[in-house]
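For reference, the structure is listed below as structure tokens.
The values are calculated or read from the model by the stated rules, or taken from the named source; none is laboratory data. In this text the structure is predicted, and so the values were computed from the model without any measurement. Virtual Cβ from ideal backbone geometry, glycine too; neighbours counted across all protein chains shown.
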Amino acid sequence: MTRFNELSFAELHAMNGSELEQYAERGEASRSDLSRGVVHQLHLSDNWLCDIEHRCEFGAGAPVNIRLTLKSHPQVVVCLTSSSDDVPYWQVSLPFDGGVSVAWLCCSETFESALIFDALRTLETLVATGLNTPEQLAAALQAIIDVEDGRCRWGQYPYAVALLRQLRGGEAGAITASDVKRAALNYNPKDRAGEPKDHYLAALNTLVESRGDVCPLPLSGCAVGQYFPQTGYRLSERQNRRWNISYSRREKQQDKDCLQKRRRYQTAVAQAEIELAFVTPMWLEVWYKRQEKRGIYDDDLTDMLAAWDGGFPACRTGGFAQDSRCGQYSMR
């Protein structure tokens, strides 16, 4: 087994197309070292599977030709090719429509690992929002690229304008009320009392820019599920978890309060029993009034008095009785 000759970022960054061609022409081992060095410098996450071209199996003809496949969505395949004598650019692309069309993620004259890494991370973020086919990802990426390239040209609502143009098939032209109506179902241009078009554009711009995390008025709540279904599901699950946590905390607090109340009552009963042990028949009424103010139940008082009565033999013939009018105890 031959040892992998690792190339540094500085070496890869300094190579132009001709130098990459010359390095790859040394043999398949050198070409594999070149591709492995590129993969090593990308610092890919565990979400990606990497496939390096051997000989000409991918058919691009570039010194470095790598296929990156998303593990959770095998249909999402990203192509990374290096510059060469014929094409002096490093290119990262996403094929869609069965390979007939291609969405360009990034393009640079030299090897820029940070630029490629950011493009792949953007792709992962879009997949996490619920866009899981190459066609959907290509449309979203095109909208993002159009926004970043045409921010000054499209004014203060670049994301909203990009979304509306994508919804009408990429046709150029001014944004009309019908375009906004197509994107925001609750918008009615004929309603004079309703919100103006600019407010809906601002809300759509915020919605797309935040990837569905923020859905401001006057948009309806279904807009998140319409454009970012995974984000809508995540937000609803987060709200449900918050409600469950709040209910659980309130229930635990109520149980804690009941337990403390029961312990305080038991302490009061025990204190009443101790005081009753030192009470003579003459002071029985005073003791009873004091326990009544403490909130001790009559059943507990009856049990305590029944036990207390046995300590006074002189009172056994008469015993004690409870006045039905006031509930107080007196000697008979």
* When residues of segment 194-224 are filtered for being assigned to a loop (DSSP other than H, G, I, E, B), of a type outside the set (A, V, I, L, M) and touching a residue at least 12 places away in the same chain (Cβ under 8 Å), how many remain? -> 9
* Asked: Can you name the condition, by its number, that ILE144 falls short on among (1) assigned to a helix (DSSP H, G or I); (2) free of Cβ contacts under 8 Å to residues at least 24 places away in the same chain; (3) assigned by TED's automatic domain parsing to the domain that holds PHE9?
  -> (3)
* Asked: Within segment 36-77, which residues are under 17 Å from ASP118 (Cα atoms), out of contact with any strand residue (DSSP E or B) (no Cβ under 9 Å at 6 or more places or on another chain) and of a type outside the set (Gly, Ala, Ser)?
  -> HIS40, GLN41, HIS43, ASP46
* Asked: Got at least one residue in segment 18-33 being farther than 27 Å from GLU135 by Cβ and basic (Lys, Arg)?
  -> yes
* What number of residues within segment 106-116 satisfy the criterion of being farther than 13 Å from LEU20 by Cα and either of a type in the set (S, T, N, Q) or not assigned by TED's automatic domain parsing to the domain that holds TYR23 (or both)? -> 2
* **Flag for ASP191 being assigned to a helix (DSSP H, G or I), outside the structural domain of VAL78 (by TED's automatic domain parsing) and at pLDDT below 85** => no
* To do: Could you list, in sequence order, all residues of segment 106-132 that are in a helix (DSSP H, G or I), in contact with a helix residue (DSSP H, G or I) (Cβ under 6 Å, 6 or more places away or on another chain) and of a type in the set (S, T, N, Q)?
  => SER113
* To do: Quick one: in segment 225-267, of everything that is among the aromatic types (Phe, Trp, Tyr) and in a helix (DSSP H, G or I), which residue is surrounded by the most Cβ atoms within 10 Å (Cβ to Cβ)?
  => TYR227
